[in-house]
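Below: the structure, in structure tokens.
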Amino acid sequence: MAVTIGALREIAPQETRVSLVPEVAEKLLKEGARVLLERTAGERARFPDALYKGVSWAASADQVLAEADVVLTVQPLSVEQIARLKGTAVVIGFMQPHARRAEVQALKQRGLTSFAMELVPRISRAQSMDALSSQAAIAGYKAVLIAASRLQKFLPMLTTAAGTIRPAQVLIIGAGVAGLQAIATARRLGAVVEAYDVRGATKEQVKSLGAKFVDTGVSAEGSGGYARELTAEEKAKQQEVLDARIAAADAVVTTASVPGRPAPKIISRAAVERMRAGSVVVDIAAEQGGNCELTRAGEVLEHHGVQIVGPVNLPADLAYNASEMYARNLFNFLKPALVKGELAIDWNDEVFAQSCLTHGGAIKHEPTRKALEGTT
Ligand code: NAD
């Protein structure tokens, strides 16, 4: 029997993305799968039902949950949705294992197999499946546009009959995937860009995008390409240099995070107070607690004339492209498990093994298991 792959209209209020776009639905059909969709699933991402050719339409979300062998999702399924899945279902999507404990427990208790896109190993072979990166790039791009639209200044230098306008100074903190896209976007808009990251390896990447690297003399190279937490002394040294650069900036975009931990606090209240009135801080890490002490997720506030923007779910602002990229990531992840239209997961494949969150009544991701069940 052909595998049934289902996708739902996302139920989280601000979620406009969809896990399956028409192009990817077509590819799944070509693989011999049956595609079962909830009506209007793609509507908010500007993929109307009529664009999905050859798919089966479910009468309700419940039908998708009850019939799908594989459910593709953007946000984690709710506990109620998990309860309605069939016992052999496989769920693939963002699972937020650190935050969504009840959902992880529900997946485990029902003995379901789930794969978290956050856990896909960052190896070369899995780059096309890297949903964290595809969505982070969108966030970095959009954050700069938000900063630009809130500034009462041009980003580029302008030579006009009314004289020359100086270019805006933009500082990007954190030069991972989001930060590098933010640098590229700010540069395209003509700003003078500086960037900082605790990982020294980013220095060359920052320079290659035409930005200046802020050197604080502190390196925090961690394992697996991620940053480690800094010591108090290192933090103080980093802060001194950074505070001066923050004060000089018209716009600061912060993207710094450490996996599984709250976002590092990099911009203090005092640093904001040193900034010029009219400056803008866009804090992409708002949902993880923010890189700025004053950030409030989902809000824009003003402190001493400085706007502090704490956007949530930036990829959903570009739902069309975000969904396209995400759905392709999901397809590239799932494709090796589709054999002649049937599901055959190779557990020796490190991508499946490492990204598995729950399987056979157990939490397979060790840090999540420890957080939920302790060390025993
Ligand atoms: P992330 O979202 O976890 O963090 C964003 C950035 O914040 C990182 O560059 C990190 O070093 C930085 N940061 C953390 N603490 C900081 C602090 N106190 N001050 C300043 N900066 C701080 O990272 P990410 O964008 O997901 O990328 C993480 C790493 O994974 C990078 O090395 C990236 O190149 C790598 N990566 C590899 C692949 C692959 O090989 N397939 C794919 C994507 C990313």
task: Using the structure shown, select from 142/237; 30/53; 86/364; 53/335; 30/142 the pairs with a Cα to Cα distance greater than 23 angstrom.
output: 142/237; 30/142
task: Please give, to one decimal in nm, the separation of the simple spin-label points placed at residue 346 and residue 270, each 7 Å out from Cα toward the Cβ.
output: 5.6 nm
task: Please report the Cα spread of region 14-142 along all three principal axes, rounded to whole Å, starting with the longest.
output: 38, 35, 30
- line: In Å, the Kirkwood estimate of hydrodynamic radius for region 156-281 over Cα pairs equals 15.1 Å
For region 37-85, average projected area of the Cα convex hull in nm²: 3.7 nm²
query: What's the local net charge at residue 336, with K and R +1, D and E -1, over the other residues with C-beta under 12 Å away?
result: -2
message: Let me check I have the definition right: for region 309-376, take the eigenvalues of the Cα gyration tensor, multiply each by 5, take square roots. What are those semi-axes in whole Å, largest first?
response: 27, 24, 8
field: For the chain, calculated [θ]222 nm from helices alone, where every DSSP H run of n ≥ 4 adds -39500 (n - 2.57)
entry: -9500 deg cm²/dmol
- request: With a 10 Å radius around each residue's Cβ, average the other Cβ atoms per peptide and rank 48-59, 302-313, 19-30, highest first.
  value: 19-30, 302-313, 48-59
- line: Applying the gyration tensor rule to the Cα atoms of region 233-350 (axes a ≥ b ≥ c; rounded if a/c under 1.5, else prolate if a/b exceeds b/c, else oblate), the class is prolate
- prompt: Per 5 Å bin, what is the whole-percent P(r) computed from every C-alpha pair distance within region 92-134?
  reply: 5, 23, 26, 20, 13, 11, 3
task: Find the centroid of the Cα atoms in region 166-219 and in region 290-334, then give the distance between the two in whole Å.
output: 19 Å
- prompt: What's the local net charge at residue 210, with K and R +1, D and E -1, over the other residues with C-beta under 12 Å away?
  reply: +3
- request: Can you tell me the FRET efficiency between residue 165 and residue 39 if r is taken as the Cβ-Cβ distance and R0 is 51 Å, rounded to the nearest 0.05?
  value: 0.50
- line: The percentage of Cα-Cα pairs in the chain separated by more than 29 Å is 46 percent
task: Within 10 Å of each residue's Cβ, count the other Cβ atoms and sort 345, 138 from fewest upward.
output: 345, 138
Top of 18, 35, 258 by mean-square fluctuation, Gaussian network on the chain, Cα under 10 Å: 258
query: What order, most packed first, do the peptides 192-200, 72-80 have when packing is the mean number of other Cβ atoms within 10 Å of each residue?
result: 192-200, 72-80
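Quick note: the coordinates plus some simple rules give every number you see, no bench work behind them. Since the model is a prediction, treat every value here as computed from it, not as a measurement. So basically every Cβ, Gly included, is an ideal-geometry build from the backbone, and we count neighbours across all protein chains shown.
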